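This report concerns only the one structure given below.
The values are calculated or read from the model by the stated rules, or taken from the named source; none is laboratory data. Being a predicted model, the structure only gives us computed values, none of them experimental. Neighbour counts are summed over all protein chains in view; Cβ atoms, including those assigned to glycine, are modelled from backbone coordinates with ideal geometry. Note: accessible area is taken over every heavy atom of the protein model, side chains too, but ligands, DNA and RNA are not part of it. Shrake-Rupley method; radii C 1.70, N 1.55, O 1.52, S 1.80 Å.
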Amino acid sequence: MNETLVKDIDGNSYKTVKIGKKIWMAETLKVTQYRNGDPIPNLTDENDWQNTEQGAYCNYDNNEDNVETYGRLYNWYAVDDKRGLAPRGWHISTDDEIKELEMYLGLSQSEAGEDGPRGTNEGSKLANRKDLWDDGILQNNPEFGTSGFDFLPGGYRGYDDGHYGNMGYLGHFWSSTEGSTNSAWGRVLNYYYSEIYRNYYNKKDGFSVRCIKD
């Protein structure tokens, strides 16, 4: 069941949903400023994106028209910035908070701690909007879209050369949990699988961001 809307510092409004005991944003973050009003750099140049170790965002294909539906893509340095990427009263979900979400939707505790594809149809439950996903196992599962999380195939931006890829096929989102000096934990939904992927990814990758209420 959707709850009241929440607004970020830019004035963007987001639907929310209660899943288990937690309240999540049911839309992907679009903000261009940290919570204190400092601007987040919008890096359109591939070399700039590849080389920065500071917080940054981009729009898929550097196209503002993609933002309304898919939100923006952020590197992990923006996720980790102490100035705050999430709206006041909210935060970027930790790896353990995402595990809790996944277990509520059906993963066992042992599955939740594994890497790679896990579970059965938890990815399908987290996704929505069949019109945006390429035709595949994810959207054809009968449980597709049932959680209210409504995650979309917004693609990503690669750390190695700043390329954009996989809109319509994959959706990636960060956790706030570091994996190593150069990596952090994230999740991926894939049109060809109904499971949900857990792995650590380069901090310079551009992924979507979902927030959870404090």
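Ordering TYR191, GLY148, LEU170 by the projection of their Cα atoms onto the charge dipole of the chain, which places +1 on the Cβ of Lys and Arg and -1 on the Cβ of Asp and Glu, puts GLY148 at the extreme positive end.
Out of every Cα pair in the range 87-157, what percent are spaced more than 17 Å from each other? Counting pairs separated by more than 17 Å, the tail of P(r) holds 49 percent. Spin-label pair ASP131-ASN62: with each label point 7 Å from Cα along the Cα-Cβ axis, the two points sit 2.9 nm from one another. Remark: the range 23-34, residue by residue, has Karplus-estimated 3J(HN,Hα) of 10, 10, 5, 9, 9, 8, 4, 10, 5, 10, 10, 6 Hz, where x stands for each Gly or Pro and the curve is 6.51 cos²θ - 1.76 cosθ + 1.60 at θ = phi - 60°.
At a Förster radius of 22 Å, what calculated FRET efficiency corresponds to the Cβ-Cβ distance of THR181 and SER13, to the nearest 0.05?
Calculated value: 0.05.
Here the range 150-195 exposes an accessible surface that is 43 percent carbon and sulfur, computed with a 1.4 Å probe and the other protein chains kept in place.
For the range 118-214, the solvent-accessible area works out to 37 Å² per residue, with a probe of 1.4 Å and every protein chain left in place. The fraction of accessible area contributed by carbon and sulfur in the range 1-124 is 41 percent, rounded to a whole number (1.4 Å probe; ligands and nucleic acids excluded).
Averaged per residue, what accessible area in Å² does the range 1-100 show with a 1.4 Å probe, protein chains only?
Roughly 50 Å² per residue, with all protein chains present.
Between SER175 and TRP185, GLY186, ARG187, the built amide H atoms are under 5 Å apart, and every one of these is 5 or more places off in sequence or on another chain. Label the chain by shape, choosing from rounded, prolate and oblate, from the square roots a ≥ b ≥ c of the eigenvalues of the Cα gyration tensor; if a/c is under 1.5 it is rounded, and otherwise prolate applies when a/b is larger than b/c, oblate when it is not. In terms of gyration-tensor shape, rounded. Residue by residue through the range 139-155, which ³J(HN,Hα) values in whole Hz follow from phi under the Karplus form 6.51 cos²θ - 1.76 cosθ + 1.60 (θ = phi - 60°), with glycine and proline marked x? After applying 6.51 cos²θ - 1.76 cosθ + 1.60, I find 7, 8, 6, x, 8, 4, x, 7, 7, x, 5, 6, 7, 10, x, x, x Hz. Under 5 Å from the amide H of GLY84 lie the amide H atoms of ARG35, each residue being 5 or more positions distant or on a separate chain, with H modelled from the backbone and absent for Pro and chain starts. Under the convention that each Lys and Arg Cβ holds +1 and each Asp and Glu Cβ holds -1, the size of the dipole of the chain around its Cα centre is about 780 debye. Among THR32, THR52, THR177, the residue with the largest mean-square fluctuation in a Gaussian network model of the chain, with springs joining Cα atoms closer than 10 Å, is THR52. Pairs of Cα atoms nearer than 8 Å and 6+ residues apart set the relative contact order; for the range 142-214 it is 28 percent. With distances taken between every two different alpha-carbon atoms, the range 40-161 has a Kirkwood hydrodynamic radius of 16.4 Å.
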